[in-house]
Each structure stands twice: as C-alpha cells, then as structure tokens.
Ligand SMILES: C[S@@+](CC[C@H](N)C(=O)[O-])C[C@H]1O[C@@H](n2cnc3c(N)ncnc32)[C@H](O)[C@@H]1O
C-alpha cells in the first residue's frame, strides 16, 4: 500500500517567534509605513480597492492598508503569524479577511484589483514549476487589468556581492547566518543559528531561488501578466545591476 507521507518543508516551521524577534529592527514601523506608501502609489490604488497581501506574515502592511480604507485579504501559511495579524486587526478596529494556506492555492477567481508579495516571499518552493504555480494563481485571482507587485532580491547583485556568513545581535538574541549557493547558482541556502544566553536556541535552514529579471519576464508572460515597471527598491529607485532588490509591477491582460 502506498503511504501518503507528508514531507516537512523548511517554510513550514522557519517562520516562528525566533524569526519575528530576529527581524524586529529590520522591519521597523517607519520602514513599513514607507513601504505601504510605495504600495499605494506604485499600484495606483483607488479607495475601496480589493487587495490581497500574499504571504502577509504578521500583517504589517495589510493592517495599515486596511486602516487607509482598502478592502484587504491576507494569505499566509503560518497560523501563528495570522493569529498575531488577527489580533492587531481587532485592536485597530479594522476588518480583514484571512486565509491560512499555501501560496500555490489562492481560493479566488477574478477577485482582486491588486495583489502584492513583498519582502522576498517568493522562490521558496521545490522547483521552478512550483514557483510558477504561484504566478498562475496570482493571474487567476486578479481582475482583468488588476495589478501585481513582486518584491524579490536582485539575483545579479546577490551573486556579485555574495556574503557567506554574517552575525547579527538583536536585544539578547545572537543570529548567525551561513549561506551557500546550489550547484547551478540559482538558490541561496541559509543555515541560521539562534543563540540565547550563550546557548544554542535553535538551528534551522531556509532557501530561496534567485530569479533573473528575464526569468520573471517569461513566467509572467506565460501566466498572462504584462510587466509595466521595474524598480530597484520600494522607493521608486531605478533598477540597475547594482540594485539590491528587483521590484516588478505587472498587470493582468
Ligand atoms: C519573509 S516573510 C514576509 C512576510 C510579510 N510579507 C512581511 O513583509 O513582513 C515570508 C512569509 O511567507 C510565508 N510563507 C512561507 N511559505 C509559504 C507558502 N508556501 N504559502 C504561503 N505563505 C508562505 C511565511 O509564513 C512568512 O509569513
């Protein structure tokens, strides 16, 4: 008899309290507000737009956009993050719909005026085909003319400035990140060690595929999305090989 064995993927348990604590200073409130401003302007959102934050995490962009009057849905795989987002929405007295589920299955069709996927939340899946399923689902759940914003690392910059190791200290947490590339230089695999009070708290790993802009262009084209703009940051910077980020704004044909 064939057994239905569920293989645990890194993204099923990487996004926990250690992750939130280690990114606390990086995703400051000031930065989030600036990013929300970029989302509003670059997607040219009109009041009452229906928007999906795909891989919304603990809701830092989503809740602020709901406060500004947009009709927000957030989807994420991490139940613990959605719990935080739900509580924050309640505290702020805003209505938000939450979907707990994998980004390959967006349970809507022709629903959204805009979708965004921010802070390198793409490239996590097992291979290019699985990642492409996400783009297809995005296209399927957008209205005709609806916009998609994808924010990923710039592959050219990462390869030219590859950092094998770094240490960070946030409050009483020490974080060691050790990185390597797969044999085709397409994926960054990072081993993360969290150290607390001189003891190892957790050792974990994450990985994300690096996409060249040309790969994204062909994936989007295949899914029925036309690229309208490419920026080098969530601040309208020009995209060059020296940009650390690749921000793509596309619309559904
Ligand atoms: C780097 S975090 C970014 C979160 C949020 N966008 C932000 O800017 O704070 C990536 C998010 O993707 C979610 N995620 C990871 N794999 C996923 C999957 N297969 N389907 C849906 N969400 C996933 C994680 O739970 C996490 O919240």
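Points worth noting:
Matching residues to (1) surrounded by fewer than 16 Cβ atoms within 10 Å (Cβ to Cβ); (2) closer than 17 Å to residue 116 by Cα; (3) without any contact (Cβ under 8 Å) to a residue 40 or more places away in the chain:
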site: 9; (1), (2), (3): yes, no, no
site: 13; (1), (2), (3): yes, no, no
site: 22; (1), (2), (3): no, no, no
site: 44; (1), (2), (3): yes, yes, no
site: 48; (1), (2), (3): yes, yes, yes
site: 51; (1), (2), (3): no, yes, no
site: 89; (1), (2), (3): no, no, yes
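- Among the criteria (1) near the ligand (Cβ under 10 Å from one of its atoms); (2) more than 20 Å from residue 228 (Cβ to Cβ); (3) under 15 Å from the mean Cα position of the chain (by Cα), the one residue 130 does not fulfil is (3).
- Top-ranked residue in region 93-111 [being surrounded by 16 or more Cβ atoms within 10 Å (Cβ to Cβ) and more than 12 Å from the chain's Cα centre (by Cα); ranked as nearest to the ligand (Cβ to nearest atom)]: 102
- Among the conditions (1) within 17 Å of the chain's Cα centre (by Cα); (2) without any contact (Cβ under 8 Å) to a residue 24 or more places away in the chain, residue 75 misses just one, which is (2).
- Members of region 240-250 found to be buried (at least 18 other Cβ atoms within 10 Å of the Cβ) and either over 17 Å from the mean Cα position of the chain (by Cα) or assigned to a helix (DSSP H, G or I) (or both), listed by number: 243
- Among the numbered conditions (1) closer than 17 Å to residue 152 by Cβ; (2) surrounded by 15 or more Cβ atoms within 10 Å (Cβ to Cβ), the only one that residue 229 does not meet is (2).
- Residues in region 70-92 that are under 24 Å from residue 150 (Cβ atoms) and more than 12 Å from the ligand (Cβ to nearest atom): 70, 71, 72, 73.
- Looking across region 26-41, not a single residue is closer than 15 Å to residue 119 by Cβ and away from the ligand (no atom under 15 Å from the Cβ).
- Checking 189, 195 one by one, the residue that is modelled with pLDDT of 95 or more, surrounded by 14 or more Cβ atoms within 10 Å (Cβ to Cβ), outside the structural domain of residue 19 (by TED's automatic domain parsing) and under 19 Å from the mean Cα position of the chain (by Cα) is 189 and no other.
- Region 112-127: number of residues that are within 14 Å of the ligand (Cβ to nearest atom) and either closer than 22 Å to residue 240 by Cβ or crowded, with 18+ Cβ neighbours inside 10 Å (or both): 11
The values are calculated or read from the model by the stated rules, or taken from the named source; none is laboratory data. Predicted model only: the values in this text are computed from it and were never measured. Note that we place each Cβ from the backbone using ideal geometry, even for glycine, and neighbour counts take in every protein chain shown.
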